Amino acid sequence: MTIRVAHLYPEYLNIYADRGNIAVLSSRARWRGLQLEVEAVTLGEELRPGGHDLLYIGGGQDREQSLIAPDLAARGAAIRAAVEDGAAVLAVCGGYQLLGRFYRGRDGEELPGAGLFPLETVAGERRMIGDCLLECELEPGVRQTLAGFENHAGVTRLDDGAVPLGRVVAGFGNDGESGFEGVRVGNAIGTYLHGPLLPRNAWLADWILERALEHRTGEPQKLDPLVDDLEASAHTVAAARARSRGGRY
Ligand code: GLN
């Protein structure tokens, strides 16, 4: 079974080793006898309707965001249709911001967004940098923690009624005030967390793979557990760092 992934703008949006998330998804799929077929989709290239089970986009500096934003915004309808059709999305930091309605950078330029996520982002005076720890509940009653690293000037405001990815235990999160981080729309996840994120949060990698596989097969999916000792200790270290120093300017 092949899981089809569209990696959006890999040469522009890939800071803090965000492409490492693809490597994690590939390995965890392979260890279950599945294959990840990753297609890079960049400026002016077609995103085939219904052609992907997972869309992935990493983070980047304002300059790189301004180079791809018009192209990404023009794909807004296609991306929203893919999510309505059940495709999974993982969007990190700069990519997360540009899947909202817009990102206004420090220079005041307003970059158009794809309009998938119910949010807007405006760069603030100070960068929110450091380790971050969230408490998430992607499945009712199943609470899990997510540990990563954030570095953003962007202050993201979710619309009323929007569902955040998690509650901030330590760190800044979307705006350094609301106590929430990221966003979720169906199987689409947006987050400020770099690291890369998935090596230290194996449960989220599997959740994303399951949603992508459900899109591919049309059947409910539950992946067999793996022995994640290394991933678990990486998570513990990252969580401890966030608790000790996250959320401080
Ligand atoms: N350039 C954006 C900001 O500063 C996103 C940064 C990032 O992707 N780490 O907020």
Exercise. Exactly one of (1) farther than 22 Å from VAL89 by Cβ; (2) outside any helix (DSSP H, G or I); (3) charged (D, E, K, R) is unmet by ARG167. Its number?
Worked result: (1)
Problem set entry | Search result, residues across the range 49-75 that are surrounded by fewer than 23 Cβ atoms within 10 Å (Cβ to Cβ) and outside any helix (DSSP H, G or I) | PRO49, GLY50, GLY51, GLN61, ALA74, ARG75
Problem set entry | Hits in the range 179-194 (condition: on the phi < 0 side of the Ramachandran plot and either within 16 Å of the ligand (Cβ to nearest atom) or aliphatic (A, V, I, L, M) (or both)) | GLU181, VAL183, VAL185, ALA188, ILE189, GLY190, THR191, TYR192, LEU193, HIS194
Exercise. Give me the pairs: first residue in the range 218-231 and under 17 Å from LEU204 (Cβ atoms), second residue basic (Lys, Arg) and surrounded by 10 or more Cβ atoms within 10 Å (Cβ to Cβ), beta-carbon distance under 6 Å, and six or more apart or on different chains, which are they?
Worked result: LEU223/ARG32
Problem set entry | Residues of the range 116-139 that turn out to be at positive phi and crowded, with 23+ Cβ neighbours inside 10 Å, as a count | 0
Exercise. Does the range 19-40 include one or more residues that are modelled with pLDDT of 95 or more, buried (at least 24 other Cβ atoms within 10 Å of the Cβ) and closer than 23 Å to ALA162 by Cα?
Worked result: no
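Take the range 140-154 and flag every residue that is in a strand (DSSP E or B) and surrounded by fewer than 20 Cβ atoms within 10 Å (Cβ to Cβ).
Result: VAL142, ARG143, GLN144, THR145, ASN151, ALA153.
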Exercise. With respect to GLY113, is the statement that it is buried (at least 18 other Cβ atoms within 10 Å of the Cβ) and within 16 Å of the ligand (Cβ to nearest atom) true?
Worked result: yes
Problem set entry | Leading residue by the ranking (nearest to LEU119 (Cα to Cα)) among those in the range 81-98 that are within 14 Å of the ligand (Cβ to nearest atom) and of a type outside the set (A, V, I, L, M, F, W, C) | GLN97
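The values are calculated or read from the model by the stated rules, or taken from the named source; none is laboratory data. A quick note: this is a predicted structure, and the numbers were derived from the prediction, not measured. Virtual Cβ from ideal backbone geometry, glycine too; neighbours counted across all protein chains shown.
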